[in-house]
Amino acid sequence: MQDSEPPTTATAAPPEPLLRVEGLCKYFPVYRKGLVRRKVGEVRAVDDVNFAIRPGETIGLVGESGCGKTTLVRTILRALDPTGGRAWFASSRGPVDLAAADAPALKRLRTEIQMIFQDPFSSLNPRMTVGDIVGEPLLIHRVGTRAERKDRVADMLRKVGLKPEHMHRYPHAFSGGQRQRIGIARALVLHPSLVVADEAVSALDVSVQAQVINLLEDLQEELGLTTIFVAHDLSVVRHIADRVAVMYAGRLVELAPTDELFENPRHPYTRALLSAVPSPDPDRRLAFALSGEVADPARLPGGCSFHPRCPRRFEPCDSVCPALVQDGPAHVACHLYTERDAPSTPEGPSHRGEPRMDPTSRSRFVGQAANAHE
Ligand SMILES: Nc1ncnc2c1ncn2[C@@H]1O[C@H](COP(=O)(O)OP(=O)(O)OP(=O)(O)O)[C@@H](O)[C@H]1O
Ligand SMILES: [Mg+2]
(Lines give C-alpha, C1' and ligand atoms only; values in the text may rest on other atoms or scores of the structure.)
(Ligands and ions follow the chains in the order given, each with its own letter.)
Protein backbone atom coordinates (compact mmCIF):
# COMPACT_ATOMS: atom_id res chain seq x y z
CA MET A 1 0.00 0.00 0.00
CA GLN A 2 2.67 2.45 1.09
CA ASP A 3 4.79 1.58 -1.97
CA SER A 4 2.14 2.94 -4.30
CA GLU A 5 1.83 6.29 -2.47
CA PRO A 6 2.84 9.19 -4.72
CA PRO A 7 5.89 11.11 -3.47
CA THR A 8 4.84 14.03 -1.27
CA THR A 9 6.39 17.48 -1.49
CA ALA A 10 6.17 20.43 0.88
CA THR A 11 3.27 21.85 -1.14
CA ALA A 12 1.44 18.56 -1.75
CA ALA A 13 -1.96 17.98 -0.22
CA PRO A 14 -2.00 15.75 2.87
CA PRO A 15 -2.21 12.04 1.98
CA GLU A 16 -5.63 10.53 1.48
CA PRO A 17 -6.82 8.68 4.58
CA LEU A 18 -6.21 4.94 4.59
CA LEU A 19 -9.56 4.51 6.35
CA ARG A 20 -12.49 6.90 6.54
CA VAL A 21 -15.40 5.94 8.77
CA GLU A 22 -18.62 7.81 8.04
CA GLY A 23 -21.71 7.64 10.23
CA LEU A 24 -21.00 4.04 11.25
CA CYS A 25 -23.70 2.47 13.46
CA LYS A 26 -24.12 -0.95 15.02
CA TYR A 27 -27.33 -1.59 16.92
CA PHE A 28 -28.05 -4.98 18.49
CA PRO A 29 -31.76 -5.87 18.70
CA VAL A 30 -33.18 -6.68 22.13
CA TYR A 31 -35.95 -9.33 22.06
CA ARG A 32 -38.66 -10.03 24.60
CA LYS A 33 -38.35 -13.48 26.12
CA GLY A 34 -41.28 -15.79 25.65
CA LEU A 35 -43.06 -17.85 23.06
CA VAL A 36 -43.21 -15.06 20.51
CA ARG A 37 -39.85 -13.42 19.92
CA ARG A 38 -40.58 -9.73 19.55
CA LYS A 39 -38.07 -6.94 19.23
CA VAL A 40 -38.56 -4.60 22.18
CA GLY A 41 -35.58 -2.33 21.80
CA GLU A 42 -31.99 -2.05 20.67
CA VAL A 43 -28.52 -1.68 22.12
CA ARG A 44 -26.86 1.26 20.41
CA ALA A 45 -23.33 -0.09 20.78
CA VAL A 46 -21.91 2.14 18.02
CA ASP A 47 -23.80 5.25 17.01
CA ASP A 48 -22.87 7.62 14.16
CA VAL A 49 -19.09 7.34 14.45
CA ASN A 50 -16.96 9.46 12.09
CA PHE A 51 -13.18 9.61 11.82
CA ALA A 52 -10.32 9.08 9.37
CA ILE A 53 -6.82 7.62 9.70
CA ARG A 54 -3.89 8.75 7.58
CA PRO A 55 -1.36 6.19 6.32
CA GLY A 56 1.23 5.45 8.99
CA GLU A 57 -0.86 6.95 11.79
CA THR A 58 -1.78 5.26 15.08
CA ILE A 59 -5.15 6.09 16.61
CA GLY A 60 -5.72 5.12 20.23
CA LEU A 61 -9.33 4.24 21.06
CA VAL A 62 -10.26 4.66 24.73
CA GLY A 63 -13.34 4.71 26.95
CA GLU A 64 -14.90 2.83 29.85
CA SER A 65 -15.81 -0.84 29.56
CA GLY A 66 -18.93 -1.32 27.44
CA CYS A 67 -18.66 1.98 25.58
CA GLY A 68 -18.44 0.18 22.22
CA LYS A 69 -14.71 0.06 21.35
CA THR A 70 -14.66 -3.62 20.37
CA THR A 71 -17.99 -3.36 18.56
CA LEU A 72 -16.67 -0.37 16.58
CA VAL A 73 -13.50 -2.12 15.40
CA ARG A 74 -15.32 -5.40 14.73
CA THR A 75 -17.89 -3.51 12.65
CA ILE A 76 -15.16 -1.72 10.69
CA LEU A 77 -13.50 -5.09 10.00
CA ARG A 78 -16.90 -6.61 9.15
CA ALA A 79 -16.71 -9.27 11.83
CA LEU A 80 -20.10 -7.64 12.51
CA ASP A 81 -22.43 -6.24 9.87
CA PRO A 82 -23.08 -2.54 10.36
CA THR A 83 -26.58 -1.17 10.93
CA GLY A 84 -25.63 1.86 8.85
CA GLY A 85 -22.78 4.03 7.63
CA ARG A 86 -19.65 3.50 5.60
CA ALA A 87 -16.00 2.57 6.15
CA TRP A 88 -13.92 3.56 3.14
CA PHE A 89 -10.63 1.71 2.96
CA ALA A 90 -7.95 2.75 0.44
CA SER A 91 -7.00 -0.74 -0.68
CA SER A 92 -4.15 -1.38 -3.11
CA ARG A 93 -6.85 -1.96 -5.76
CA GLY A 94 -8.66 1.32 -5.05
CA PRO A 95 -11.20 2.57 -2.48
CA VAL A 96 -13.58 -0.02 -1.04
CA ASP A 97 -16.52 0.53 1.31
CA LEU A 98 -15.92 -2.20 3.88
CA ALA A 99 -19.47 -1.75 5.17
CA ALA A 100 -20.90 -2.81 1.80
CA ALA A 101 -18.20 -5.23 0.58
CA ASP A 102 -19.30 -8.79 -0.26
CA ALA A 103 -17.61 -11.94 1.11
CA PRO A 104 -15.11 -12.48 -1.77
CA ALA A 105 -14.04 -8.79 -1.61
CA LEU A 106 -13.65 -9.03 2.16
CA LYS A 107 -11.52 -12.16 1.80
CA ARG A 108 -9.22 -10.36 -0.66
CA LEU A 109 -8.94 -7.44 1.77
CA ARG A 110 -7.79 -9.74 4.61
CA THR A 111 -4.28 -9.49 3.15
CA GLU A 112 -4.36 -5.73 3.79
CA ILE A 113 -6.27 -5.53 7.08
CA GLN A 114 -5.40 -7.64 10.12
CA MET A 115 -6.32 -7.89 13.76
CA ILE A 116 -4.12 -8.58 16.80
CA PHE A 117 -6.19 -10.26 19.49
CA GLN A 118 -6.29 -9.64 23.23
CA ASP A 119 -5.82 -13.10 24.57
CA PRO A 120 -2.58 -14.80 23.49
CA PHE A 121 -3.74 -18.00 25.23
CA SER A 122 -7.03 -18.68 23.48
CA SER A 123 -6.28 -17.08 20.10
CA LEU A 124 -3.59 -19.60 19.07
CA ASN A 125 -4.61 -23.12 18.03
CA PRO A 126 -2.84 -25.43 20.52
CA ARG A 127 -2.69 -28.28 17.99
CA MET A 128 -0.77 -26.31 15.37
CA THR A 129 2.98 -25.63 15.37
CA VAL A 130 4.12 -22.02 15.52
CA GLY A 131 5.27 -22.33 11.90
CA ASP A 132 1.78 -23.45 10.80
CA ILE A 133 0.07 -20.77 12.89
CA VAL A 134 2.18 -17.93 11.48
CA GLY A 135 2.22 -19.40 7.95
CA GLU A 136 -1.51 -20.17 7.74
CA PRO A 137 -2.55 -16.74 6.37
CA LEU A 138 0.05 -17.16 3.59
CA LEU A 139 -1.39 -20.58 2.77
CA ILE A 140 -5.00 -19.34 2.81
CA HIS A 141 -4.13 -16.50 0.43
CA ARG A 142 -1.87 -18.75 -1.69
CA VAL A 143 1.21 -16.59 -1.25
CA GLY A 144 4.48 -18.01 -2.68
CA THR A 145 5.78 -21.56 -2.81
CA ARG A 146 6.17 -23.81 0.22
CA ALA A 147 9.85 -22.85 0.56
CA GLU A 148 9.09 -19.13 0.16
CA ARG A 149 6.39 -19.33 2.81
CA LYS A 150 8.80 -21.04 5.19
CA ASP A 151 11.37 -18.28 4.62
CA ARG A 152 8.77 -15.62 5.20
CA VAL A 153 7.63 -17.24 8.45
CA ALA A 154 11.25 -17.50 9.64
CA ASP A 155 11.81 -13.84 8.77
CA MET A 156 8.62 -12.79 10.58
CA LEU A 157 9.59 -14.78 13.69
CA ARG A 158 12.94 -12.98 13.72
CA LYS A 159 11.17 -9.62 13.35
CA VAL A 160 9.04 -10.27 16.44
CA GLY A 161 12.06 -11.31 18.50
CA LEU A 162 11.60 -15.11 18.26
CA LYS A 163 13.89 -17.64 16.59
CA PRO A 164 13.20 -19.44 13.30
CA GLU A 165 13.70 -22.78 15.07
CA HIS A 166 10.65 -21.93 17.24
CA MET A 167 8.65 -22.79 14.13
CA HIS A 168 8.53 -26.47 15.13
CA ARG A 169 7.22 -25.93 18.66
CA TYR A 170 3.64 -25.68 19.90
CA PRO A 171 2.10 -22.59 21.60
CA HIS A 172 2.04 -24.19 25.08
CA ALA A 173 5.85 -24.10 25.14
CA PHE A 174 5.79 -20.29 25.20
CA SER A 175 5.15 -17.61 27.82
CA GLY A 176 2.29 -15.08 27.51
CA GLY A 177 4.54 -12.41 26.03
CA GLN A 178 6.04 -14.86 23.52
CA ARG A 179 2.57 -16.06 22.53
CA GLN A 180 1.55 -12.49 21.88
CA ARG A 181 4.64 -12.18 19.66
CA ILE A 182 3.43 -15.25 17.75
CA GLY A 183 0.00 -13.61 17.38
CA ILE A 184 1.66 -10.44 16.10
CA ALA A 185 3.79 -12.43 13.64
CA ARG A 186 0.65 -14.13 12.30
CA ALA A 187 -1.14 -10.77 11.95
CA LEU A 188 1.76 -9.13 10.13
CA VAL A 189 3.02 -11.98 7.93
CA LEU A 190 0.85 -10.83 4.99
CA HIS A 191 2.26 -7.29 5.33
CA PRO A 192 -1.11 -5.62 5.96
CA SER A 193 -1.40 -1.84 5.75
CA LEU A 194 -4.05 -1.54 8.50
CA VAL A 195 -3.72 -3.33 11.82
CA VAL A 196 -6.32 -3.30 14.58
CA ALA A 197 -5.07 -4.23 18.05
CA ASP A 198 -7.92 -4.67 20.55
CA GLU A 199 -6.47 -4.69 24.09
CA ALA A 200 -3.43 -6.44 22.60
CA VAL A 201 -1.32 -6.06 25.73
CA SER A 202 -3.97 -5.94 28.48
CA ALA A 203 -3.59 -9.61 29.42
CA LEU A 204 0.19 -9.36 29.89
CA ASP A 205 2.30 -8.50 32.94
CA VAL A 206 3.44 -4.90 33.05
CA SER A 207 7.09 -5.54 32.15
CA VAL A 208 6.08 -7.92 29.33
CA GLN A 209 3.53 -5.31 28.20
CA ALA A 210 6.35 -2.81 27.80
CA GLN A 211 8.36 -5.22 25.65
CA VAL A 212 5.39 -5.97 23.39
CA ILE A 213 4.49 -2.26 23.08
CA ASN A 214 8.05 -1.42 22.07
CA LEU A 215 8.05 -4.30 19.59
CA LEU A 216 4.79 -3.05 18.08
CA GLU A 217 6.24 0.44 17.73
CA ASP A 218 9.37 -0.87 16.02
CA LEU A 219 7.28 -2.97 13.63
CA GLN A 220 4.96 -0.05 12.89
CA GLU A 221 7.95 1.96 11.76
CA GLU A 222 9.67 -0.84 9.91
CA LEU A 223 6.56 -2.04 8.06
CA GLY A 224 4.82 1.35 7.73
CA LEU A 225 1.69 0.15 9.54
CA THR A 226 -1.42 2.18 10.19
CA THR A 227 -2.93 1.13 13.51
CA ILE A 228 -6.09 1.37 15.55
CA PHE A 229 -5.00 0.63 19.08
CA VAL A 230 -7.80 -0.11 21.55
CA ALA A 231 -6.77 0.05 25.22
CA HIS A 232 -7.96 0.70 28.74
CA ASP A 233 -4.55 1.87 29.89
CA LEU A 234 -4.18 5.55 29.07
CA SER A 235 -0.42 5.55 29.68
CA VAL A 236 -0.03 2.92 26.95
CA VAL A 237 -2.23 4.92 24.58
CA ARG A 238 -0.35 8.10 25.35
CA HIS A 239 2.88 6.41 24.47
CA ILE A 240 1.86 4.74 21.25
CA ALA A 241 -0.86 6.88 19.64
CA ASP A 242 -0.55 9.90 17.36
CA ARG A 243 -4.19 10.80 17.99
CA VAL A 244 -6.66 9.58 20.58
CA ALA A 245 -10.37 8.93 20.08
CA VAL A 246 -12.50 8.90 23.23
CA MET A 247 -15.77 6.93 23.12
CA TYR A 248 -18.74 7.24 25.42
CA ALA A 249 -21.93 5.18 25.04
CA GLY A 250 -21.26 4.27 21.42
CA ARG A 251 -20.24 7.74 20.23
CA LEU A 252 -16.95 9.55 19.73
CA VAL A 253 -16.94 12.44 22.17
CA GLU A 254 -13.42 13.70 21.50
CA LEU A 255 -10.71 13.11 18.90
CA ALA A 256 -7.44 14.98 19.26
CA PRO A 257 -3.68 14.77 18.75
CA THR A 258 -2.31 12.79 21.70
CA ASP A 259 -0.35 15.59 23.41
CA GLU A 260 -3.27 17.99 22.93
CA LEU A 261 -5.72 15.51 24.43
CA PHE A 262 -3.59 14.86 27.51
CA GLU A 263 -2.53 18.48 28.07
CA ASN A 264 -5.75 20.19 27.12
CA PRO A 265 -8.67 17.74 27.35
CA ARG A 266 -11.88 19.40 26.24
CA HIS A 267 -14.85 17.09 26.83
CA PRO A 268 -15.85 16.81 30.50
CA TYR A 269 -15.76 13.02 30.07
CA THR A 270 -12.19 13.10 28.74
CA ARG A 271 -11.20 15.32 31.66
CA ALA A 272 -12.76 12.88 34.09
CA LEU A 273 -11.08 9.88 32.43
CA LEU A 274 -7.68 11.56 32.59
CA SER A 275 -8.06 12.64 36.18
CA ALA A 276 -8.82 9.03 37.11
CA VAL A 277 -5.34 7.99 35.92
CA PRO A 278 -3.21 7.19 38.96
CA SER A 279 -0.78 10.01 39.66
CA PRO A 280 2.13 10.07 42.12
CA ASP A 281 1.18 13.64 43.04
CA PRO A 282 -1.60 13.57 45.72
CA ASP A 283 -2.85 17.03 44.68
CA ARG A 284 -3.58 15.73 41.22
CA ARG A 285 -5.46 12.61 42.28
CA LEU A 286 -9.11 12.24 41.39
CA ALA A 287 -9.80 15.96 41.58
CA PHE A 288 -12.55 15.51 39.03
CA ALA A 289 -13.50 11.86 39.22
CA LEU A 290 -16.34 10.20 37.37
CA SER A 291 -19.48 9.59 39.35
CA GLY A 292 -22.49 7.47 38.44
CA GLU A 293 -22.82 4.44 36.21
CA VAL A 294 -21.67 4.26 32.61
CA ALA A 295 -24.68 4.81 30.33
CA ASP A 296 -26.61 1.66 29.38
CA PRO A 297 -26.59 1.55 25.55
CA ALA A 298 -30.00 -0.19 25.64
CA ARG A 299 -31.53 2.74 27.57
CA LEU A 300 -29.64 5.85 26.60
CA PRO A 301 -30.79 9.14 28.10
CA GLY A 302 -32.02 11.88 25.75
CA GLY A 303 -29.64 14.55 24.50
CA CYS A 304 -25.97 14.02 25.32
CA SER A 305 -25.57 10.51 26.80
CA PHE A 306 -23.02 11.81 29.28
CA HIS A 307 -25.27 14.55 30.73
CA PRO A 308 -26.51 12.61 33.82
CA ARG A 309 -22.87 12.29 34.98
CA CYS A 310 -21.59 15.62 33.69
CA PRO A 311 -20.58 18.25 36.25
CA ARG A 312 -20.85 20.96 33.58
CA ARG A 313 -24.25 20.18 32.06
CA PHE A 314 -26.54 23.06 31.17
CA GLU A 315 -29.80 23.70 29.39
CA PRO A 316 -29.50 21.89 26.01
CA CYS A 317 -27.58 18.85 27.30
CA ASP A 318 -30.59 16.69 28.24
CA SER A 319 -32.46 17.36 25.01
CA VAL A 320 -30.02 17.87 22.13
CA CYS A 321 -27.30 15.40 21.13
CA PRO A 322 -24.14 17.42 20.39
CA ALA A 323 -22.38 16.95 17.05
CA LEU A 324 -18.61 16.43 16.80
CA VAL A 325 -17.18 19.90 15.98
CA GLN A 326 -13.66 21.19 15.49
CA ASP A 327 -12.07 23.19 18.29
CA GLY A 328 -8.45 24.06 17.52
CA PRO A 329 -6.59 20.86 16.69
CA ALA A 330 -9.27 18.75 18.40
CA HIS A 331 -12.79 17.58 17.58
CA VAL A 332 -15.25 17.49 20.43
CA ALA A 333 -18.95 16.61 20.84
CA CYS A 334 -20.06 18.87 23.69
CA HIS A 335 -22.44 21.84 23.90
CA LEU A 336 -19.79 23.80 25.84
CA TYR A 337 -18.10 24.22 22.46
CA THR A 338 -21.12 24.93 20.30
CA GLU A 339 -23.60 26.95 22.33
CA ARG A 340 -23.14 30.73 22.43
CA ASP A 341 -24.46 31.01 25.98
CA ALA A 342 -22.49 28.03 27.32
CA PRO A 343 -20.91 28.46 30.75
CA SER A 344 -17.18 29.26 30.53
CA THR A 345 -15.19 26.63 28.62
CA PRO A 346 -12.58 24.37 30.21
CA GLU A 347 -9.94 26.98 29.36
CA GLY A 348 -11.91 29.56 31.38
CA PRO A 349 -11.48 30.46 35.08
CA SER A 350 -13.83 27.77 36.38
CA HIS A 351 -11.37 25.04 35.43
CA ARG A 352 -8.22 26.51 36.97
CA GLY A 353 -6.50 24.24 39.42
CA GLU A 354 -7.91 21.07 37.88
CA PRO A 355 -5.40 18.38 37.07
CA ARG A 356 -3.49 18.40 33.83
CA MET A 357 -1.43 15.43 32.80
CA ASP A 358 2.32 15.74 33.06
CA PRO A 359 3.88 15.74 29.62
CA THR A 360 6.08 12.65 29.50
CA SER A 361 8.72 11.84 26.95
CA ARG A 362 7.75 9.62 24.02
CA SER A 363 10.81 7.40 24.43
CA ARG A 364 10.72 3.65 25.12
CA PHE A 365 7.65 2.51 26.99
CA VAL A 366 8.36 1.33 30.50
CA GLY A 367 4.80 0.88 31.77
CA GLN A 368 3.64 2.10 35.15
CA ALA A 369 5.73 -0.17 37.35
CA ALA A 370 9.09 1.23 38.39
CA ASN A 371 10.82 -2.09 37.74
CA ALA A 372 9.41 -2.58 34.26
CA HIS A 373 12.25 -3.27 31.92
CA GLU A 374 12.97 -4.14 28.30
N1 LIG B 1 -23.58 -9.47 20.36
C2 LIG B 1 -24.08 -8.52 21.16
N3 LIG B 1 -25.40 -8.48 21.44
C4 LIG B 1 -25.94 -7.51 22.23
N5 LIG B 1 -25.21 -6.54 22.81
C6 LIG B 1 -23.89 -6.53 22.58
C7 LIG B 1 -23.25 -7.53 21.76
N8 LIG B 1 -21.91 -7.26 21.73
C9 LIG B 1 -21.71 -6.16 22.50
N10 LIG B 1 -22.91 -5.74 23.01
C11 LIG B 1 -23.09 -4.57 23.90
O12 LIG B 1 -22.56 -3.45 23.22
C13 LIG B 1 -21.95 -2.58 24.17
C14 LIG B 1 -20.53 -2.33 23.76
O15 LIG B 1 -19.75 -3.49 23.97
P16 LIG B 1 -18.22 -3.60 23.58
O17 LIG B 1 -17.77 -4.98 23.85
O18 LIG B 1 -18.05 -3.07 22.21
O19 LIG B 1 -17.55 -2.58 24.61
P20 LIG B 1 -16.01 -2.28 24.89
O21 LIG B 1 -15.85 -0.80 24.90
O22 LIG B 1 -15.17 -3.05 23.94
O23 LIG B 1 -15.83 -2.83 26.37
P24 LIG B 1 -14.53 -3.48 27.07
O25 LIG B 1 -13.65 -2.31 27.40
O26 LIG B 1 -15.09 -4.13 28.29
O27 LIG B 1 -13.90 -4.43 26.10
C28 LIG B 1 -22.09 -3.23 25.52
O29 LIG B 1 -23.21 -2.69 26.17
C30 LIG B 1 -22.33 -4.69 25.19
O31 LIG B 1 -23.09 -5.32 26.18
MG1 LIG C 1 -13.67 -4.51 24.20
Report summary line: If we keep only residues of the stretch 71-89 that are of a type in the set (A, V, I, L, M, F, W, C) and within 16 Å of ligand 2 (Cβ to nearest atom), then the residue nearest to Ala197 (Cα to Cα) is Val73
Query raised in the report: Just checking, how many residues over the stretch 1-45 are assigned to a loop (DSSP other than H, G, I, E, B) and either modelled with pLDDT of 80 or more or not hydroxyl-bearing (Ser, Thr, Tyr) (or both)?
Result: 17
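Step by step: first the residues of the stretch 182-194, then only those that are aliphatic (A, V, I, L, M) and farther than 14 Å from Ile213 by Cβ, then the one that is surrounded by the fewest Cβ atoms within 10 Å (Cβ to Cβ). Which residue is that? Full working, then the answer.
Taking the stretch 182-194 first, the residues aliphatic (A, V, I, L, M) are 182, 184-185, 187-190, 194.
Subset that is farther than 14 Å from Ile213 by Cβ: 182, 185, 187-190, 194.
Details: Ile182: 23, Ala185: 24, Ala187: 25, Leu188: 23, Val189: 26, Leu190: 18, Leu194: 23.
This residue is Leu190.
Evaluate the stretch 84-100: report whether one residue or more is within 15 Å of ligand 1 (Cβ to nearest atom) and within 27 Å of Asp259 (Cα to Cα). Give the derivation first.
We begin by selecting, within the stretch 84-100, every residue within 15 Å of ligand 1 (Cβ to nearest atom); these are none.
No, there is no match, as no residue in the stretch 84-100 is within 15 Å of ligand 1 (Cβ to nearest atom) and within 27 Å of Asp259 (Cα to Cα).
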Query - Residue match in the stretch 202-216 (condition: closer than 30 Å to Trp88 by Cα, within 16 Å of ligand 2 (Cβ to nearest atom) and outside any strand (DSSP E or B)) - result: yes
Requested in this report: Test Gly56 against the stated conditions and say whether it is in contact (Cβ under 8 Å) with a residue 60 or more places away in the chain, in a loop (DSSP other than H, G, I, E, B) and more than 16 Å from ligand 1 (Cβ to nearest atom).
Outcome: yes
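Answer with yes or no whether Leu324 is surrounded by 16 or more Cβ atoms within 10 Å (Cβ to Cβ) and modelled with pLDDT of 85 or more. Step through it out loud before you land on a result.
Numbers: surrounded by 16 or more Cβ atoms within 10 Å (Cβ to Cβ): yes; modelled with pLDDT of 85 or more: yes.
Yes.
A quick yes/no check of all residues on (1) within 16 Å of ligand 2 (Cβ to nearest atom); (2) over 16 Å from the mean Cα position of the chain (by Cα); (3) outside the structural domain of Val201 (by TED's automatic domain parsing); (4) crowded, with 16+ Cβ neighbours inside 10 Å:
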{"residue": "Leu35", "(1), (2), (3), (4)": "no, yes, no, no"}
{"residue": "Val43", "(1), (2), (3), (4)": "yes, yes, no, yes"}
{"residue": "Lys69", "(1), (2), (3), (4)": "yes, no, no, yes"}
{"residue": "Ser91", "(1), (2), (3), (4)": "no, yes, no, yes"}
{"residue": "Gly131", "(1), (2), (3), (4)": "no, yes, yes, yes"}
{"residue": "Val134", "(1), (2), (3), (4)": "no, yes, yes, yes"}
{"residue": "Leu138", "(1), (2), (3), (4)": "no, yes, yes, yes"}
Query raised in the report: Before we move on, is Arg179 under 19 Å from Arg127 (Cα atoms), modelled with pLDDT of 95 or more, surrounded by fewer than 24 Cβ atoms within 10 Å (Cβ to Cβ) and over 17 Å from the mean Cα position of the chain (by Cα)?
Result: no
Report summary line: Note on the stretch 93-102: residues surrounded by fewer than 15 Cβ atoms within 10 Å (Cβ to Cβ), over 21 Å from Ala45 (Cα atoms), of a type in the set (Gly, Ala, Ser) and modelled with pLDDT of 95 or more are none
Query - Which listed residue, of Leu234, Leu274, is outside the structural domain of Pro311 (by TED's automatic domain parsing), at pLDDT 85 or above and within 21 Å of Arg309 (Cβ to Cβ) - result: Leu234
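Hey, any hits in the stretch 115-124 for a residue that's at pLDDT below 95, touching a Phe, Trp or Tyr at 6+ places or on another chain (Cβ under 6 Å) and not assigned by TED's automatic domain parsing to the domain that holds Thr70?
The first filter runs over the stretch 115-124 and keeps only residues at pLDDT below 95, leaving 115-124.
So of that shortlist, the ones also touching a Phe, Trp or Tyr at 6+ places or on another chain (Cβ under 6 Å) come out as 123.
Filter once more, so that each one left must be not assigned by TED's automatic domain parsing to the domain that holds Thr70: 123.
Yes; the residues of the stretch 115-124 include at least one that is at pLDDT below 95, touching a Phe, Trp or Tyr at 6+ places or on another chain (Cβ under 6 Å) and not assigned by TED's automatic domain parsing to the domain that holds Thr70.
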Requested in this report: Just need a number here: residues in the stretch 250-280 that are closer than 18 Å to Arg312 by Cα and either touching a Ser or Thr at 6+ places or on another chain (Cβ under 6 Å) or aromatic (Phe, Trp, Tyr) (or both).
Outcome: 2
Requested in this report: Specify which of the listed residues (Arg152, Arg108) is farther than 26 Å from Arg74 by Cβ, surrounded by fewer than 21 Cβ atoms within 10 Å (Cβ to Cβ) and among the basic types (Lys, Arg).
Outcome: Arg152
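The values are calculated or read from the model by the stated rules, or taken from the named source; none is laboratory data. As the structure is a computational prediction, the values presented were derived from the model and not from experiment. Methodologically, a virtual Cβ is constructed for each residue, glycine included, from the backbone with ideal geometry; neighbour enumeration extends over all protein chains shown.
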